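Worksheet for the structure shown next.
The values are calculated or read from the model by the stated rules, or taken from the named source; none is laboratory data. Keep in mind that what you see is a predicted model, and the values were worked out from it rather than measured. Positions of Cβ are backbone-derived with ideal geometry, glycine not excepted, and every protein chain shown enters the neighbour counts. SASA here: full protein model, heavy atoms, side chains in, ligands and nucleic acids out. Shrake-Rupley method; radii C 1.70, N 1.55, O 1.52, S 1.80 Å.
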Number of protein chains: 2
Amino acid sequence: MSHMGYGCLMALDRDHVLRAAAALLTRKSTATMDEVAKAAGISRATLHRQFAGRDALVRALEALGIAECETALDAARLDDGRAEDAVRRLVREAEPAAGLLAFLYTENQLFEGEEQHAGWARIDDRITALFRRGQQSGEFRIDLTPAWLTEALFGLLASAVWLVQSGKGAPKDFRHMTVELLLGGALRRDETRREES
Amino acid sequence: MSHMGYGCLMALDRDHVLRAAAALLTRKSTATMDEVAKAAGISRATLHRQFAGRDALVRALEALGIAECETALDAARLDDGRAEDAVRRLVREAEPAAGLLAFLYTENQLFEGEEQHAGWARIDDRITALFRRGQQSGEFRIDLTPAWLTEALFGLLASAVWLVQSGKGAPKDFRHMTVELLLGGALRRDETRREES
DNA sequence: CCGTGATGAGACATCAATGTCTCACATGGG
DNA sequence: CCCATGTGAGACATTGATGTCTCATCACGG
């Protein structure tokens with residue numbers, strides 16, 4: 001047998017391929033298996049050995065996205081301190097996975113089936129609970145439902161990814177754009193406005 | 001010839017087909033021409049007589065979306081009064097077209113080519129100008145670029161559409177969700193918060 | 001009643017992506 | 001040196017969507 005190097009190298013290869021596929025599919029969601037293989041620097045045959053087919057590849061990307069998202073949720077410690085700060089931590093931790101999430105977010109093929117990955121429900125629940133906690137503590141407004149705030153968080157993450165990819169926004173502004181619009185909105189929120197009113 | 005009924009009926013048919021296609025493709029962006037035809041209540045042959053192919057159909061939907069968007073922009077009178085109120089009018093006017101816009105928003109196939117419809121640039125310019133006006137008048141915060149606010153507007157519109165379609169949000173809340181989060185964000189913005197600070 | 005034109009149904013070829021296979025080659029350990 | 005394993009390249013069949021065609025039917029106006 002080819003021994004210990006086996007699991008290690010394969011895992012690295014697999015992860016590398018998934019990263020490359022995610023990067024490509026985020027830009028061009030209709031990319032061919034050939035293109036994915038080329039982007040990953042491997043042949044189509046090898047790609048097909050690692051992932052039974054396009055569907056399996058997308059499923060693996062979904063699992064990767066869910067895993068990274070849950071890692072981000074853990075690292076953000078959503079239950080600690082003020083909910084506003086937890087949201088800021090969450091966006092910061094989720095930023096590396098945002099590209100992949102943006103791709104998965106538009107892959108409605110994943111959600112139209114009757115059976116969808118239970119991970120999304122778990123993630124949804126945790127973020128929804130965070131916004132609910134913020135409402136109960138009086139930090140967040142209560143006229144926007146936690147479900148909507150959760151959906152908006154993902155939507156804004158995806159929008160920020162596309163803005164940066166199109167060159168109309170700077171990558172360094174990613175976190176500030178997302179979190180400030182989600183939490184504070186577009187209106188000014190300072191003394192000058194109180195004077196006017 | 002079949003005369004005056006010709007132009008009239010054809011136009012109605014064409015519009016009806018486009019509406020049905022938009023409704024279906026918004027839910028399932030990979031729908032087949034057969035499915036589109038079935039959804040529109042016509043045969044695949046007739047569908048193919050009206051639109052040379054799938055690409056032509058998507059292009060027609062794009063043109064329809066641009067036209068409806070520009071109609072909404074006109075009706076919203078973006079240059080009148082406070083920018084905040086203009087944004088509210090814009091969301092209200094754009095609501096009927098939101099489903100179609102959400103579909104086009106994720107159809108990145110439309111944007112990956114070197115040549116993209118000039119209508120999007122016009123629309124982007126008008127909305128960007130609105131946010132810039134709001135910043136110059138002191139209504140909007142200046143740390144979020146007009147380009148980002150424009151992107152976020154579309155992103156939130158699409159997110160709201162998907163939330164409603166998934167049943168996790170009520171259609172009647174559509175406008176309030178979108179405009180309130182875009183303008184005001186998730187944080188409370190009232191006296192209680194000032195007392196805390 | 002008869003023609004014109006649009007439609008629906010279906011057959012058919014085409015095409016692109018996919019899935020499967022074989023084979024030659026390189027690498028790395030024994 | 002030899003063998004085992006993973007890989008790249010390419011041929012091949014399959015599949016599903018698409019584009020094109022014909023033909024029977026139907027509605028409508030003359």
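Mean partner shielding of peptide A:174-184, defined as the number of other chain Cβ atoms within 10 Å of each residue Cβ, is 5.
What sits nearest the axis between copies B and A, counting only chain B Cβ atoms, is the residue and whole-Å distance B:GLY185, 2.
How much net charge surrounds B:ALA147 when only the other residues with a Cβ under 12 Å from the Cβ of B:ALA147 are counted, with Lys and Arg +1 and Asp and Glu -1? That sum, taken over residues with Cβ under 12 Å, equals -2.
Straight distance only, please: which lysines reach the Cα of A:LYS28 with their own Cα at less than 22 Å, same-chain residues fewer than 8 apart left out? Result set, ordered by chain and number: A:LYS38, A:LYS168, B:LYS28. Using R0 = 41 Å, the C-beta based FRET efficiency linking A:ALA56 and B:ALA129 works out to 0.30.
Along segment A:164-175 the Karplus relation, 6.51 cos²θ - 1.76 cosθ + 1.60 evaluated at θ = phi - 60°, assigns HN-Hα couplings of 5, 5, 7, x, 8, x, 8, x, 5, 8, 3, 5 Hz to successive residues, with x for each Gly and Pro.
Which whole-number percent of Cα pairs in segment B:65-136 have a distance greater than 18 Å? The calculated P(r) of segment B:65-136 puts 41 percent of pairs beyond 18 Å. Buried accessible surface for the B/A chain pair comes to about 4200 Å², total over both chains, computed with a 1.4 Å probe. Stokes-Einstein, applied to the Kirkwood radius of chain B over Cα pairs at a viscosity of 0.692 mPa s and 37 °C, places its translational diffusion at 176 µm² s⁻¹. The string of couplings for segment B:80-93 from the Karplus curve (6.51, -1.76, 1.60, θ = phi - 60°) is 9, x, 6, 4, 4, 5, 5, 4, 4, 5, 4, 4, 4, 6 Hz, one whole number per residue in order, with x for Gly and Pro.
Per residue, segment B:1-128 exposes an accessible area of 52 Å² to a 1.4 Å probe, with every protein chain left in place. 3J(HN,Hα) along segment A:24-36: 6, 5, 5, 7, 9, 6, 9, 4, 7, 4, 4, 5, 4 Hz, from the Karplus curve 6.51 cos²θ - 1.76 cosθ + 1.60 with θ = phi - 60°, whole Hz, x for Gly and Pro.
Per-residue surface analysis assigns B:SER43 an accessible area of about 60 Å², computed on protein heavy atoms at 1.4 Å probe radius. The gain in end-to-end length when the B:MET33 to B:TRP120 segment is fully stretched comes to 28.7 nm, 0.36 nm per residue minus the alpha carbon separation.
Label points for B:ALA118 are taken 7 Å from Cα along Cα→Cβ. From this copy to the others they lie 5.5 nm apart, shortest first. Computed with a 1.4 Å probe over protein heavy atoms only, the accessible area of B:HIS176 comes to about 80 Å². Based on C-alpha pairs under 8 angstrom that are at least 6 apart in sequence, segment A:61-196 has a relative contact order of 26 percent. Residues whose amide H comes within less than 5 Å of that of B:PHE140, counting only those at least five positions distant or on another chain, are A:ARG188, B:GLN135 (H built at 1.01 Å from N in the peptide plane). Close amide H contacts of B:SER29 (hydrogens built in the peptide plane, cut-off under 5 Å, sequence separation of 5 or more or a different chain): none are found. Given +1 at the Cβ of Lys and Arg, -1 at the Cβ of Asp and Glu and no other charges, the dipole of segment B:64-105 around its Cα centre is 120 debye to the nearest 20.
Annotation for B:ARG27, label-to-label distances across the other copies: 3.5 nm (shortest first, one decimal, point 7 Å from Cα along Cα→Cβ).
Under 5 Å between amide hydrogens, built in the peptide plane, is the criterion, and for B:GLY185 it picks out A:GLY185, A:ALA186 among residues at least 5 positions away or on other chains.
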